[in-house]
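Peer 1: Attaching a single structure in structure tokens format; questions to follow.
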Amino acid sequence: MGLFFILKVVIYIDDFYISKLKIKSLKILKIIAVLCLLFSCVKNTHENISKVSKNITYDKAVIFYEKGQQDSAYLYFERAKSVFAAKRETLGVVKCLQYMAITSTDVGDHYGSQELASETLNLLDTKNKNHFPYLQSSYSTLGMAADNLKEYKQALIFYQMALKYAKGNEYELIIENNVANAYRHLKEYNKAIDIYKKIITRNKKEDSFYAQVLTNLSTAKWLKDSAYDSSFELIKALKIREKENDLWGQHSSNSHLSEYYAEKRPDSALYYAKITYGLSKRIESPDNQLEALKKLIQMSSIIDSKNYFSRYQLLLDSISTSRNSSKNQFALIRYETEKHKANNLVLQKKNTEKNYQISMLITGTGLLGLGSWFWYRKRRERLSLEAKNSIRESQLKTSKKVHDKVANKIYRVMSEVENKDDLDRNHLLDQLEHIYNTSRDISYEITDSQPSITFSQQLSAMFSAYISNTRSVEVINNDDDLWANVPEYKKAEVFIILLELMTNVKKHSQATLVKIRFHKSQNTISVNYHDNGTGLPKNVIYNNGLKNTETRIKNISGTITFESTDKSGLEILISFAAN
């Protein structure tokens, strides 16, 4: 891949689709571009120091990756990593791990991406300048993964670390833009605006990167002050991107314009939304197609909304199936690799035993080797069977959840769309958002099943997502010992119950302080929830997700009590058996 093409890809990326209440990032291509540059244009001094030899398996992996064949690319990068490791070529191993981390991000496995990127940090030397480009790339990958998991404070830390290793090179401004975007996520708009202005001052050429930063700057100003007129800057950025034939950038600009005009000029908003949808298909981005369809469902006539909704539910189902399949496939690849390593260790042991047999105890050592072989064969068969059963069980559970929690709800909404002439778009969008969150929760359940993160850490991560400049969340006694003997199905129900409560805080209660205290007495775990919001009138329980908490707590034979429903706040008591 040539340097010119890579640089064009780098500057063609825009980081965010933004509304007044929600910011989503599209960052995967930027990581890919940076890594491609590192891997294709490494200086000769790098190669001489690391002594990276020709690796045919690695070359095949890159070809598969560039063709978008993710499963094959992941498999061959795993194999290439083993080849590099056998030759003790550290940077070769690092390159494979970085590619695998990005591939994991592509399929939504952000925890897997973090694990792989973190592994590279253990192999790199922070004092070796030849390793700086790889450190920059790994920290950028970690930042992207944290951003996608909505851990914005952690993402900011990773971006700042990446910037440390990018000082003075061509990627410094790109990473500074990521830092500014992280501040914007955290609603620290003044810091973000200052950084954007400095970037524009240093990058005066009106190219695609200039258009990207200009778009981010105008959006930050609009988020800070809803009365700010950002249309001139957004249209200017769009014209630059059209001149540069930057399809990703054009998609971003049209999406921003659609959101900006949503309340001011609905007809213009619909016009730009249609262009956005067309561009999302041209750049072959399923996630962007979903976002564009949601806008069209909201803005179009009833007849058109039905057609767009049909496309939305078909695409959503396809994406969920494809990504879950890839995650399971990646897990199987890692398992097979570990099994292969075990095979090599056993073969090495047998060779050692064979040499010892010739020189010392021919008969006795031969019998020991034979016994070890039978033991290993049985163990390999057992591990293989357990892995296959685990994957099959995971697939069946995921399919059942998609059917029960997503498909049934989609058909119910389809029935409303088909049978109601007076279609309430807000009601429809609420239901779509609920279906989307349910699909996301199923994906998180797959990802969060990794043994590397405890349940208390999962809860902490979820609570931290709701902390903002105007809201604090205090959590007491959420430690690993509390959840040590609690069955997985109960923890799953408790997680969703607490998620519903936090969602209520964000959407309805206007609370500035939330306190959650966990306590265990003998065999009973209790959760005391309190916020200082507007309270919870009785009829609200039946108008949102809080009604589901009663059903879920009954599923684990627990109780839930709403102690206060006045305007002084809300207090909820939850208790259930620990085993």
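The values are calculated or read from the model by the stated rules, or taken from the named source; none is laboratory data. For clarity, every value in this text was computed on a predicted model and none was experimentally measured. Quick reminder, even Gly has a Cβ in these numbers, built from the backbone with ideal geometry, and neighbours come from all protein chains shown.
Peer 1: Give me the residue from the range 198-209 that is in contact with a helix residue (DSSP H, G or I) (Cβ under 7 Å, 6 or more places away or on another chain) and not polar (S, T, N, Q) and, out of that set, surrounded by the fewest Cβ atoms within 10 Å (Cβ to Cβ).
Peer 2: Within the range 198-209, the first condition is being in contact with a helix residue (DSSP H, G or I) (Cβ under 7 Å, 6 or more places away or on another chain), and the residues that meet it are 199-200, 202-203, 206-209.
Subsequent filtering for residues that are not polar (S, T, N, Q) retains 199-200, 202, 206-207, 209.
Working: 199: 22, 200: 17, 202: 11, 206: 16, 207: 17, 209: 25.
Among those residues, the one meeting the criterion is 202.
Peer 1: Checking the structure you have, find out if any residue of the range 267-281 is touching a residue at least 40 places away in the same chain (Cβ under 8 Å) and acidic (Asp, Glu). It would help to see each step written out before you state the result.
Peer 2: Let us first name the residues in the range 267-281 that are touching a residue at least 40 places away in the same chain (Cβ under 8 Å), namely none.
For the range 267-281, residues touching a residue at least 40 places away in the same chain (Cβ under 8 Å) and acidic (Asp, Glu): absent.
Peer 1: If you take the residues in the range 166-198 that are assigned to a helix (DSSP H, G or I) and among the basic types (Lys, Arg), which one is nearest to residue 141 (Cα to Cα)? Show your work before the answer.
Peer 2: We begin by selecting, within the range 166-198, every residue assigned to a helix (DSSP H, G or I); these are 172-185, 189-198.
Within this subset, residues satisfying the condition of being among the basic types (Lys, Arg) are 184, 191, 197-198.
Values: 184: 19, 191: 23, 197: 25, 198: 24 Å.
Result: 184.
Peer 1: With the requirement that a residue be part of a helix (DSSP H, G or I) and either without any contact (Cβ under 8 Å) to a residue 24 or more places away in the chain or farther than 22 Å from residue 173 by Cα (or both), what does the range 219-235 give you? Talk me through it step by step, then tell me what you get.
Peer 2: Within the range 219-235, the subset part of a helix (DSSP H, G or I) is 219-224, 231-235.
Result: 222, 223, 224, 231, 232, 233, 235.
Peer 1: Check the range 208-216 and report whether any residue there is over 19 Å from residue 180 (Cβ atoms), modelled with pLDDT of 90 or more, under 26 Å from the mean Cα position of the chain (by Cα) and in a helix (DSSP H, G or I).
Peer 2: Let us first name the residues in the range 208-216 that are over 19 Å from residue 180 (Cβ atoms), namely none.
Taking every residue of the range 208-216 in turn, none turns out to be over 19 Å from residue 180 (Cβ atoms), modelled with pLDDT of 90 or more, under 26 Å from the mean Cα position of the chain (by Cα) and in a helix (DSSP H, G or I).
Peer 1: From the residues in the range 136-155 that are crowded, with 22+ Cβ neighbours inside 10 Å and hydrophobic (A, V, I, L, M, F, W, C), which one is nearest to residue 110 (Cα to Cα)?
Peer 2: Checked the range 136-155; the qualifying residue nearest to residue 110 (Cα to Cα) is 145.
Peer 1: Residue check: is residue 283 hydrophobic (A, V, I, L, M, F, W, C), at pLDDT 90 or above and under 28 Å from residue 312 (Cβ atoms)? I'd like the intermediate steps shown before the answer.
Peer 2: Details: hydrophobic (A, V, I, L, M, F, W, C): yes; at pLDDT 90 or above: no; under 28 Å from residue 312 (Cβ atoms): yes.
Spelling it out, it is not the case that residue 283 is hydrophobic (A, V, I, L, M, F, W, C), at pLDDT 90 or above and under 28 Å from residue 312 (Cβ atoms).
Peer 1: Looking only at the range 483-502, which residues are out of contact with any Lys or Arg (no Cβ under 8 Å at 6 or more places or on another chain), in a helix (DSSP H, G or I) and either of a type in the set (Lys, Arg) or in contact (Cβ under 8 Å) with a residue 60 or more places away in the chain (or both)?
Peer 2: 489, 490, 491, 494, 501
Peer 1: Step by step: first the residues of the range 284-307, then only those that are among the acidic types (Asp, Glu) and farther than 15 Å from residue 269 by Cβ, then the one that is surrounded by the fewest Cβ atoms within 10 Å (Cβ to Cβ). Which residue is that?
Peer 2: The extreme case among them is 284.
Peer 1: One residue is enough: does the range 92-108 have a residue meeting the conditions outside any helix (DSSP H, G or I) and under 23 Å from the mean Cα position of the chain (by Cα)?
Peer 2: Filtering the range 92-108 for residues outside any helix (DSSP H, G or I) gives 107-108.
With under 23 Å from the mean Cα position of the chain (by Cα) added as a condition, the list becomes 107-108.
Yes, some residue in the range 92-108 is outside any helix (DSSP H, G or I) and under 23 Å from the mean Cα position of the chain (by Cα).
Peer 1: Checking the conditions here, which among 163, 116, 142, 123 is outside any helix (DSSP H, G or I) and outside the structural domain of residue 256 (by TED's automatic domain parsing)?
Peer 2: 123
Peer 1: Does any residue of the range 427-436 turn out to be outside the structural domain of residue 497 (by TED's automatic domain parsing), part of a helix (DSSP H, G or I) and either modelled with pLDDT of 90 or more or of a type in the set (Ser, Thr, Tyr) (or both)?
Peer 2: So in the range 427-436, the residues outside the structural domain of residue 497 (by TED's automatic domain parsing) come out as 427-436.
If we keep only those that are part of a helix (DSSP H, G or I) as well, we get 427-436.
Restricting the remaining residues to those that are either modelled with pLDDT of 90 or more or of a type in the set (Ser, Thr, Tyr) (or both) gives 436.
Checked against the condition, which is being outside the structural domain of residue 497 (by TED's automatic domain parsing), part of a helix (DSSP H, G or I) and either modelled with pLDDT of 90 or more or of a type in the set (Ser, Thr, Tyr) (or both), the range 427-436 yields at least one hit.
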